[in-house]
Amino acid sequence: MAYHLVPAGTADEQRRRLVRDSLGAYNRTVCPDMQSGEHPGHLDMYLLDKQGQVQGGLLGLIRWRWLQVDEMALAPHLRRQGSGSRMLRLAEAEARKRGCTRSVLDTASFQARPFYEKLGYRVIGEIQDSPPGHAFYWLKNDLAPPSEEGVP
């Protein structure tokens, strides 16, 4: 056998898929109720202006009945006006419709930890000095059942 390190910037998508498929096949033997496929359920949302231009978005993945928020961003002029809270709550509502009971995300100390904590997320892990001079956090939230009034 030979180990082959792929040079930076030259990913081999076919081989990447083989590794992912192998892990997915094993995972389904342990958790048979897992959805199949590499990305069982993308949950992506975009905030568009009147001209249809993206002003923000949330990119997520649903697996194992969890919403995994991978990325969330807003144009600077839209921050601290409720748009981010609304976007996250809408994503959580959609995740609940798809059977999710929890949500997980990560953030750095210079990003949005207080914002997520205000919305009920709590830190479940952290790494100090990553990136250097900062901290990296994992947060989770239990997704409450939908309210009578609907999404805020």
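Taking the stretch 113-150 as the range and being modelled with pLDDT of 95 or more and either of a type in the set (D, E, K, R) or touching a Gly at 6+ places or on another chain (Cβ under 8 Å) (or both) as the test, the residues that pass are 113, 115, 117, 118, 122, 126, 129, 137, 138, 140, 141, 142. Is there a residue being of a type in the set (Lys, Arg), surrounded by 13 or more Cβ atoms within 10 Å (Cβ to Cβ), closer than 24 Å to residue 137 by Cβ and at pLDDT below 90 anywhere in the stretch 84-92? Among the residues of the stretch 84-92, not one is of a type in the set (Lys, Arg), surrounded by 13 or more Cβ atoms within 10 Å (Cβ to Cβ), closer than 24 Å to residue 137 by Cβ and at pLDDT below 90, which makes the answer no.
For residue 104, the conditions (1) within 19 Å of residue 56 (Cα to Cα); (2) modelled with pLDDT of 95 or more are fulfilled apart from (1).
The values are calculated or read from the model by the stated rules, or taken from the named source; none is laboratory data. These numbers come from a predicted model, not from an experiment. Don't worry about glycine lacking a Cβ; one is built from the backbone with ideal geometry, like all the others, and counts go over all protein chains shown.
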